[in-house]
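Reading through the structure tokens given below for one structure.
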Amino acid sequence: MNDQTNAIHFGYEKDSQGTMAVPIYMTTAYEFRDSLHASNLFSLKELGNIYTRLMNPTTSIFERRFAEIEGGISAIATASGMSAIFSSIVNLCESGDNVIVASAVYGGTSTLTGHTIKRMGIETRTFDVTNPSNIEFLIDNKTKAIIFESLSNPSLAVADFDKIVEIANKHNIITIVDNTVATPYLCKPIKLGCDVVVHSTSKYTGGQGLALGGIIVEGASCNDKIKNNPRYSHFNEPDESYHGLIYSSLPFPSFTMRLLLCVLRDLGASASPFNSWLLIQGLETLSLRIKEHSKNALKIAQFLDAHPKIKKVNYPLLASDKNYGRATKYLNNGASGLLSFEVESYEEALRIADGTDIFKVVVNIGDSKSLIVHPASTTHSQMSKDELANAGISDTLVRLSVGIEDCDDLIKDLEKAIG
Ligand code: PLP
């Protein structure tokens with residue numbers, strides 16, 4: 001089946017009630033047939049529901065559907081995008097390890113990797129996604145992952161997938177790609193050779209700013225990278241915390257299986273069934289919405305590009321943009337609703353953000369409503385001056401998350417605010 005059909009039907013087999021809509025299984029726990037059944041589930045002799053921190057039927061439908069659309073073999077939904085990223089890192093790393101992370105990433109990812117995991121003894125080394133050849137010099141035998149965004153928030157850098165994947169495969173290192181901004185309808189990192197895809201499903205997937213969520217999708221390549229690889233010895237040796245289980249010996253996807261049985265079990269940043277249900281509704285129309293977001297954003301980027309008061313516009317599908325070549329190579333159907341632009345001064349940036357009516361000042365992206373924000377003082381404000389410069393975020397930068405309102409109305413709104 002094609003993606004749009006899968007987005008509406010995949011993974012849902014109707015129960016005896018025949019409900020057309022996926023039911024919300026709002027439960028904390030599940031009754032076992034008897035104690036033997038319970039112990040069989042815990043020892044993986046049988047698979048089934050144990051407790052909603054680990055699995056839930058509504059969430060499972062969302063996970064299966066999302067994995068199918070991303071081209072993966074398995075997925076785990078989490079409470080938020082940040083918990084998806086953190087869980088993925090913790091699944092691979094322990095104190096003394098390092099990860100190689102793109103410098104142009106969402107502010108939360110930057111503080112997580114640059115500060116929070118550093119306090120746990122995990123080092124972060126940074127690279128430029130648009131020119132990633134230096135990755136090779138950053139790798140050592142303690143490097144556990146290469147982490148980047150397919151389309152970065154808010155600088156809209158398009159990753160050089162071919163180069164990154166080539167280096168990662170040469171050294172047998174797992175790549176983790178945040179595909180939140182591009183969505184699987186514009187970019188498919190697993191098809192491009194990447195191993196793990198993460199999302200903040202709070203954004204385009206939900207689409208209406210209703211629910212927080214995250215998801216981790218495992219590609220088929222993970223098992224091969226993990227099996228017998230000394231870099232990932234904890235997948236290949238008995239896990240004392242799970243009665244000696246060796247994750248790589250299971251007939252299941254290793255990355256998500258360990259993430260579920262160990263990381264989700266212990267950290268508990270699980271998806272709420274109600275949020276999974278909302279995100280299932282969003283997923284049904286994602287492919288339609290992301291094309292509209294992208295169409296509106298391109299028109300607005302062209303309008304801003306021609307405006308005398310705008311110094312620079314970052315949108316990868318502008319022919320003048322430095323990412324244009326990679327955008328036409330790696331993106332299909334558009335370049336999302338996210339764009340950013342530079343103005344003369346900090347004061348001018350704030351004046352424009354405060355001068356719009358339809359664009360609301362909000363720290364979110366991917367909503368059907370148009371949003372405007374000044375990243376340096378909000379979403380990316382906890383980054384140092386150097387980190388901001390490396391991420392391409394100046395204090396004269398304004399970010400738009402272009403919604404799916406009428407585009408002429410949006411352009412008039414910006415025209416008035418810019419003056
Ligand atoms: N990844 C990207 C690219 C984001 O833009 C965000 C949030 O804006 C996140 C991850 C974090 O997601 P969440 O807010 O769902 O934790």
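The values are calculated or read from the model by the stated rules, or taken from the named source; none is laboratory data. In this text the structure is predicted, and so the values were computed from the model without any measurement. Don't worry about glycine lacking a Cβ; one is built from the backbone with ideal geometry, like all the others, and counts go over all protein chains shown.
Can you confirm whether residue 39 is among the hydroxyl-bearing types (Ser, Thr, Tyr) and within 16 Å of the ligand (Cβ to nearest atom)?
No, not satisfied.
Considering each of 155, 74, 80 in turn, give the residue that is over 26 Å from residue 10 (Cβ atoms) and of a type outside the set (A, V, I, L, M, F, W, C).
The conditions single out 155.
Restricting to segment 41-56, name every residue that is free of Cβ contacts under 8 Å to residues at least 60 places away in the same chain and either part of a loop (DSSP other than H, G, I, E, B) or buried (at least 16 other Cβ atoms within 10 Å of the Cβ) (or both). Spell out how you get there, then give the answer.
So in segment 41-56, the residues free of Cβ contacts under 8 Å to residues at least 60 places away in the same chain come out as 41-42, 45-51.
41, 45, 46, 47, 48, 49, 50 - these are the residues of segment 41-56 that are free of Cβ contacts under 8 Å to residues at least 60 places away in the same chain and either part of a loop (DSSP other than H, G, I, E, B) or buried (at least 16 other Cβ atoms within 10 Å of the Cβ) (or both).
I'd like the full set of residues that are within 17 Å of residue 162 (Cβ to Cβ) and within 8 Å of the chain's Cα centre (by Cα), limited to segment 173-196.
Correct list: 177, 179.
Conditions (1) away from the ligand (no atom under 15 Å from the Cβ); (2) touching a residue at least 60 places away in the same chain (Cβ under 8 Å), marked per residue:
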{"position": "333", "(1), (2)": "yes, yes"}
{"position": "346", "(1), (2)": "yes, no"}
{"position": "355", "(1), (2)": "yes, yes"}
{"position": "364", "(1), (2)": "no, yes"}
{"position": "369", "(1), (2)": "yes, yes"}
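For (1) on the phi > 0 side of the Ramachandran plot; (2) of a type in the set (D, E, K, R); (3) in contact with a strand residue (DSSP E or B) (Cβ under 9 Å, 6 or more places away or on another chain), each residue gets a yes or a no:
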position	(1), (2), (3)
198	no, no, yes
211	no, no, no
217	no, no, yes
225	no, yes, yes
236	no, no, no
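Looking at segment 314-340 only, could you name the residues that are of a type in the set (Phe, Trp, Tyr) and either in a loop (DSSP other than H, G, I, E, B) or touching a Pro at 6+ places or on another chain (Cβ under 8 Å) (or both)?
315, 324
Kindly indicate the residue of segment 133-142 that is in contact (Cβ under 8 Å) with a residue 24 or more places away in the chain, part of a helix (DSSP H, G or I) and not β-branched (Val, Ile, Thr) and also nearest to the ligand (Cβ to nearest atom) among those meeting that condition.
138
Conditions (1) touching a strand residue (DSSP E or B) at 6+ places or on another chain (Cβ under 9 Å); (2) polar (S, T, N, Q), marked per residue:
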site: 308; (1), (2): no, no
site: 315; (1), (2): yes, no
site: 326; (1), (2): yes, no
site: 343; (1), (2): yes, no
site: 347; (1), (2): no, no
site: 356; (1), (2): yes, yes
site: 364; (1), (2): yes, yes
site: 379; (1), (2): yes, yes
site: 384; (1), (2): no, yes
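Pairs only if they're at least six apart or on different chains, beta carbon under 8 angstrom, first in segment 211-223 and among the charged types (D, E, K, R), second within 16 Å of the ligand (Cβ to nearest atom); list them, first residue then second.
Filtered contacts from segment 211-223: 218/75; 218/196.
When you look at residue 170, is it assigned by TED's automatic domain parsing to the domain that holds residue 76, among the basic types (Lys, Arg) and within 21 Å of residue 281 (Cβ to Cβ), yes or no?
No: the conditions fail for residue 170.
Answer yes if at least one residue in segment 62-72 is away from the ligand (no atom under 16 Å from the Cβ), assigned to a loop (DSSP other than H, G, I, E, B) and within 28 Å of residue 194 (Cα to Cα), and no otherwise.
Yes, the conditions are met somewhere in segment 62-72.
Looking at segment 73-101 only, could you name the residues that are more than 15 Å from the ligand (Cβ to nearest atom) and among the hydrophobic types (A, V, I, L, M, F, W, C)?
Within segment 73-101, 73, 75, 90, 92, 93, 99, 100 meet the criteria.
When you go through (1) within 14 Å of the ligand (Cβ to nearest atom); (2) in contact with a helix residue (DSSP H, G or I) (Cβ under 7 Å, 6 or more places away or on another chain); (3) of a type in the set (S, T, N, Q) one by one for residue 236, which number turns out not to apply?
(1)
Just one of the numbered conditions (1) within 15 Å of the ligand (Cβ to nearest atom); (2) within 30 Å of residue 65 (Cα to Cα); (3) part of a helix (DSSP H, G or I); (4) of a type in the set (Gly, Ala, Ser) is not true of residue 104; which one?
(3)
Being in contact (Cβ under 8 Å) with a residue 40 or more places away in the chain, away from the ligand (no atom under 16 Å from the Cβ) and under 27 Å from residue 373 (Cα atoms) is true for just one of 183, 130, 201, 205. Which residue is that?
130
Please find, among 279, 298, 288, 261, the residue that is buried (at least 24 other Cβ atoms within 10 Å of the Cβ) and either part of a helix (DSSP H, G or I) or touching a strand residue (DSSP E or B) at 6+ places or on another chain (Cβ under 8 Å) (or both). First the steps, then the outcome.
Values: 298 fails: buried (at least 24 other Cβ atoms within 10 Å of the Cβ); 288 fails: buried (at least 24 other Cβ atoms within 10 Å of the Cβ); 261 fails: buried (at least 24 other Cβ atoms within 10 Å of the Cβ).
One residue alone meets the criteria, 279.
Considering only residues that are without any contact (Cβ under 8 Å) to a residue 40 or more places away in the chain and surrounded by 14 or more Cβ atoms within 10 Å (Cβ to Cβ), which ones fall in segment 302-320?
Passing the criteria: 302, 305, 312, 313, 317, 318.
Looking at (1) small (Gly, Ala, Ser); (2) part of a helix (DSSP H, G or I); (3) within 16 Å of the ligand (Cβ to nearest atom), can you tell me which one residue 145 breaks?
(2)
Going through segment 398-419 one residue at a time, which ones are buried (at least 23 other Cβ atoms within 10 Å of the Cβ) and either modelled with pLDDT under 90 or not basic (Lys, Arg) (or both)?
Passing the criteria: 398, 400, 401, 402, 403, 410, 414.
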